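Chemist: Just passing along the structure, written as structure tokens.
Values quoted throughout were computed directly from the atomic coordinates according to the rules given, and no laboratory measurement underlies them. Quantities reported herein were computed from a predicted structural model and do not represent experimental measurements. Cβ placement follows ideal geometry from the backbone for every residue including glycine, while neighbour counts extend to all protein chains displayed.
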Amino acid sequence: MNYTISVLEGNIDTSLIVADWTDDVTGKTYQNVFKLGSPCTFPATIKQGDEFYFVIDSSQAQNCAVCLAYYPTPKKTLPIKIVTP
């Protein structure tokens, strides 16, 4: 559940995301990213590379078991809720 999410469109406070981040494993650089801060409620149906709409939502407690295996992620974290456009 160490997901990195990239903001492709919409208005978001740029202080909440990382402008440029490089994945140490792949060497690939991404723009406007953050670490998923809501792994308990993130749909399992969304896979790497999928595009989706979301809103920032810190209203739900995240008390589920999360794998502690390390994978590099950006330093900034946001809890989100998936929404239908």
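Chemist: If the cut-off is a Cα-Cα distance under 18 Å, which lysines reach Lys75, setting aside same-chain residues fewer than 8 apart in sequence?
Modeler: In chain and number order, the partners are Lys28, Lys35.
Chemist: Give or take rounding to whole Å, what are the principal axis extents of the alpha carbon atoms in the chain, in descending order?
Modeler: 32, 32, 23
Chemist: So which chymotrypsin sites (Phe, Trp or Tyr not before Pro) in the stretch 1-49 are both in a DSSP loop and have at most 12 other Cβ atoms within 10 Å of their Cβ?
Modeler: none
Chemist: Net charge within 9 Å of Lys35 by Cβ-Cβ distance, Lys/Arg positive one each and Asp/Glu negative one each, not counting Lys35 itself? If you can, show how the numbers build up before the last one.
Modeler: Values: positive: Lys75, Lys76; negative: none.
Residues close to Lys35 contribute a combined charge of +2.
Chemist: For the stretch 47-56, what does the Karplus curve 6.51 cos²θ - 1.76 cosθ + 1.60, with θ = phi - 60°, yield as ³J(HN,Hα) per residue in whole Hz, taken in order and with x for Gly and Pro?
Modeler: For the stretch 47-56, the Karplus curve yields 10, 3, x, 5, 9, 7, 9, 8, 10, 6 Hz.
Chemist: Sticking with this structure for a sec: Below 8 Å between Cα atoms, with a sequence gap of 6+, how large is the relative contact order for the chain in percent?
Modeler: 39 percent
Chemist: How do the peptides 38-47, 6-15 rank, highest first, by the average count of neighbouring beta carbon atoms within 10 Å per residue?
Modeler: Most protected by this proxy first, the peptides run 38-47, 6-15.
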